[in-house]
Amino acid sequence: GPIIFNLTDEESLFVKEFYDRNSLSKYKKIIGINAGARNRWEFKKWRLDGYIELLKTLNEKYNYAFLLFGGNNEIEINEVLTKECKNVFDTGSNNTLREFASYIDLCDVLITGDTLALHVATALKVPTVCIFGPTSNAEIEDYGLVRKVYPIMDCLVCYKNKCDFKPNCMELVTTDMVLNEVINILEN
């Protein structure tokens, strides 16, 4: 069955303070961005330029806030996104699992690779756009909440840590592929 994950009153208060401090009520929707992945899986991460293009495109049309997620591996990625894009709020890199989940619970949609954030969002019933490359999208139960984005390639689900294909699977995932799924979720 589905994963059950409930936030405590303290966790709800913790995240409400973040919400109020950053005036997130002035945005129509909150989009979570989990742009990284553990070092072991270089190609679980979508392209940074893809995320930048996605945020800029959404910012042109919509009044959305973007919450950035990640751990120590994502500090640099999130600094670039904060510098390059507007309406971006970094949730920090030193959150406990429960704090991380509290922030994800604020999101109307989460965009991520096949990572811990995907599983946390699913448990919290947050609609998710998940970008797959070297790992199996078929093995992930979507519970009716996950839109799976992946390129059409013979070598998908290779489970390789490194790849010398040009273009590789993550380079073949276009901004429009991700954008269309985000908009589908938000409009339905």
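Tell me, which strands (runs of 3 or more DSSP E) wholly within region 80-133 include 2 or more residues that are modelled with pLDDT of 95 or more and closer than 20 Å to residue 20 by Cβ?
Of the strands (runs of 3 or more DSSP E) lying wholly inside region 80-133, those with at least 2 residues that are modelled with pLDDT of 95 or more and closer than 20 Å to residue 20 by Cβ span 88-90.
Looking only at residues that are buried (at least 18 other Cβ atoms within 10 Å of the Cβ) and not β-branched (Val, Ile, Thr) in region 152-176, which one is nearest to residue 57 (Cα to Cα)? Let's see the steps before the verdict.
Initial filter on region 152-176 (buried (at least 18 other Cβ atoms within 10 Å of the Cβ)): 168-170, 173, 175.
Next cut, not β-branched (Val, Ile, Thr) only: 168-170.
Values: 168: 23, 169: 22, 170: 19 Å.
For region 152-176, the residue satisfying everything is 170.
Looking only at region 125-183, filter to residues that are among the polar types (S, T, N, Q) and within 16 Å of residue 46 (Cβ to Cβ); which one of those is nearest to the chain's Cα centre (by Cα)?
Within region 125-183, the first condition is being among the polar types (S, T, N, Q), and the residues that meet it are 128, 135-137, 161, 168, 174-175, 180.
Subset that is within 16 Å of residue 46 (Cβ to Cβ): 128, 135, 137, 168, 174-175, 180.
On the way: 128: 7, 135: 16, 137: 15, 168: 20, 174: 15, 175: 14, 180: 15 Å.
Result: 128.
For residue 83, only one of the following conditions fails: (1) under 17 Å from residue 120 (Cα atoms); (2) loosely packed, with under 13 Cβ neighbours inside 10 Å. What is its number?
That leaves (1) as the condition not met.
Can you tell me which residue in region 59-79 is nearest to residue 21 (Cα to Cα), limited to those that are open to solvent by less than 40 Å² (accessible area, probe 1.4 Å) and assigned to a loop (DSSP other than H, G, I, E, B)? So that I can check it myself, show each step before the final result.
First pass over region 59-79, keeping only residues open to solvent by less than 40 Å² (accessible area, probe 1.4 Å): 59, 64-71, 74, 77-78.
Restricting the remaining residues to those that are assigned to a loop (DSSP other than H, G, I, E, B) gives 69-71.
Working: 69: 17, 70: 20, 71: 22 Å.
Only one residue fits best here, namely 69.
Considering region 141-151 alone, what residues qualify as being in a loop (DSSP other than H, G, I, E, B) and either open to solvent by less than 60 Å² (accessible area, probe 1.4 Å) or among the hydrophobic types (A, V, I, L, M, F, W, C) (or both)?
Of everything in region 141-151, those that are in a loop (DSSP other than H, G, I, E, B) and either open to solvent by less than 60 Å² (accessible area, probe 1.4 Å) or among the hydrophobic types (A, V, I, L, M, F, W, C) (or both) turn out to be 142, 145, 151.
With the structure loaded, tell me whether residue 156 is at pLDDT 80 or above and either aliphatic (A, V, I, L, M) or in a loop (DSSP other than H, G, I, E, B) (or both) or whether it fails that test.
Numbers: at pLDDT 80 or above: no; either aliphatic (A, V, I, L, M) or in a loop (DSSP other than H, G, I, E, B) (or both): yes.
No, not satisfied.
Within the set of pairs 6+ apart or on separate chains, which have a first residue in region 119-145 that is in contact (Cβ under 8 Å) with a residue 60 or more places away in the chain, a second that is assigned to a loop (DSSP other than H, G, I, E, B) and open to solvent by less than 30 Å² (accessible area, probe 1.4 Å), and C-beta atoms under 6 Å apart?
Cβ pairs passing all conditions: 126/107; 131/46; 131/173; 133/169; 133/170; 135/114.
The values are calculated or read from the model by the stated rules, or taken from the named source; none is laboratory data. It should be emphasised that the depicted structure is a prediction, and the values quoted were computed from it without experimental measurement. Note that we place each Cβ from the backbone using ideal geometry, even for glycine, and neighbour counts take in every protein chain shown. We work out accessible area using only protein heavy atoms, side chains counted, and drop any ligands, DNA or RNA first. Shrake-Rupley method; radii C 1.70, N 1.55, O 1.52, S 1.80 Å.
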